[in-house]
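Some notes on the structure that comes next.
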């Protein structure tokens with residue numbers, strides 16, 4: 001969550017409210033019924049809600065694991081500064097500037113929120129086998145070895161030929177998400193919120209949901 005607040009609950013009994021800087025990491029696994037909605041107080045008060053939701057595909061071997069839930073308040077998310085203090089990163093997943101995330105992921109993932117002051121530059125090490133992209137939240141950043149300008153609400157995909165990613169800010173501050181992981185190289189079949197490897201598995205997921213088995217699994 002970047003701004004505002006959001007209420008949530010699921011069939012495993014988890015519930016809470018996400019506020020600016022908080023992170024919820026849910027592993028759906030064999031299935032969980034989950035709702036997200038504005039709280040009554042916030043609805044009455046009004047305001048802007050701004051957050052990001054990323055879906056990460058589980059490998060075939062983990063598709064039917066028990067659902068898992070992690071919620072980390074803003075104060076519990078590790079933060080690391082660069083040596084010159086011009087770059088700050090919130091480490092949501094993976095490792096950055098020598099700091100490891102508090103959230104545990106099923107597969108190797110990096111999910112990092114960089115804040116760069118005007119004129120700041122950094123070369124950030126990432127694993128060579130990761131496929132990495134950046135999504136600009138605000139400001140025009142300069143990305144890659146060729147300092148390609150990318151405006152807010154645009155994405156850039158890195159080739160990652162080496163093991164470093166170059167990030168820089170020009171005359172204005174930049175907020176950017178750096179996200180990556182190891183490609184699964186598995187077939188993907190999707191229907192609604194269900195993501196599996198075959199059409200037969202999708203059909204079974206729909207049957208399980210309609211029969212209420214996902215509620216049962218979650219409990």
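What tally of residues in segment 182-219 results from selecting those that are under 26 Å from the mean Cα position of the chain (by Cα) and at negative phi?
Within segment 182-219, the subset under 26 Å from the mean Cα position of the chain (by Cα) is 182-198, 201-202, 205-206, 209, 214-215, 217-219.
From what is left, the residues that are at negative phi are 182-184, 186-191, 193-198, 201-202, 205-206, 209, 214-215, 217-219.
Within segment 182-219, residues that are under 26 Å from the mean Cα position of the chain (by Cα) and at negative phi number 25.
Here's the yes/no breakdown for (1) more than 27 Å from residue 131 (Cβ to Cβ); (2) touching a helix residue (DSSP H, G or I) at 6+ places or on another chain (Cβ under 9 Å); (3) in contact (Cβ under 8 Å) with a residue 24 or more places away in the chain; (4) not assigned by TED's automatic domain parsing to the domain that holds residue 164:
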site	(1), (2), (3), (4)
31	yes, yes, yes, yes
42	yes, no, yes, yes
46	yes, no, no, yes
82	no, no, yes, no
91	no, no, no, no
111	no, no, yes, no
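Residue-by-condition table, conditions (1) over 20 Å from the mean Cα position of the chain (by Cα); (2) modelled with pLDDT of 95 or more; (3) under 30 Å from residue 200 (Cα atoms):
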{"residue": "39", "(1), (2), (3)": "yes, no, no"}
{"residue": "46", "(1), (2), (3)": "yes, no, no"}
{"residue": "55", "(1), (2), (3)": "no, no, yes"}
{"residue": "68", "(1), (2), (3)": "no, no, yes"}
{"residue": "98", "(1), (2), (3)": "no, no, no"}
{"residue": "113", "(1), (2), (3)": "no, yes, no"}
{"residue": "120", "(1), (2), (3)": "yes, yes, no"}
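Quick one: how many residues across segment 128-143 are over 14 Å from the mean Cα position of the chain (by Cα) and in contact (Cβ under 8 Å) with a residue 40 or more places away in the chain? Total meeting the criteria: 3. Out of segment 113-134, which residues are part of a loop (DSSP other than H, G, I, E, B) and crowded, with 16+ Cβ neighbours inside 10 Å? Once the filter is applied, which keeps residues that are part of a loop (DSSP other than H, G, I, E, B) and crowded, with 16+ Cβ neighbours inside 10 Å, segment 113-134 yields 120, 126, 130.
So which of 131, 125, 106 is on the phi < 0 side of the Ramachandran plot, in contact with a helix residue (DSSP H, G or I) (Cβ under 8 Å, 6 or more places away or on another chain) and at pLDDT below 95? If you could, list the steps in order and put the result at the bottom.
On the way: 131 fails: in contact with a helix residue (DSSP H, G or I) (Cβ under 8 Å, 6 or more places away or on another chain); 125 fails: in contact with a helix residue (DSSP H, G or I) (Cβ under 8 Å, 6 or more places away or on another chain).
Residue meeting the stated conditions: 106.
Applying the set (1) under 29 Å from residue 213 (Cα atoms); (2) modelled with pLDDT of 95 or more to residue 93 leaves exactly one unmet item: (1).
How many of the residues making up segment 15-26 are surrounded by fewer than 18 Cβ atoms within 10 Å (Cβ to Cβ) and either in contact (Cβ under 8 Å) with a residue 60 or more places away in the chain or in contact with a helix residue (DSSP H, G or I) (Cβ under 9 Å, 6 or more places away or on another chain) (or both)? Steps first, please.
Our first condition is that a residue be surrounded by fewer than 18 Cβ atoms within 10 Å (Cβ to Cβ); within segment 15-26, this holds for 15-17, 19-21, 26.
Now drop any that are not either in contact (Cβ under 8 Å) with a residue 60 or more places away in the chain or in contact with a helix residue (DSSP H, G or I) (Cβ under 9 Å, 6 or more places away or on another chain) (or both), which leaves 17, 19-21.
Here the count works out to 4.
Need at least 3 residues that are buried (at least 16 other Cβ atoms within 10 Å of the Cβ) and assigned by TED's automatic domain parsing to the domain that holds residue 119 per element, so show me which strands (runs of 3 or more DSSP E) inside segment 145-219 make the cut, counting only ones lying wholly within it.
Working: elements: 148-150, 155-157, 164-169, 174-181, 189-191, 194-196.
Answer list for segment 145-219: 164-169, 174-181.
The values are calculated or read from the model by the stated rules, or taken from the named source; none is laboratory data. All of these numbers come straight from a predicted model, not from anything done at the bench. Methodologically, a virtual Cβ is constructed for each residue, glycine included, from the backbone with ideal geometry; neighbour enumeration extends over all protein chains shown.
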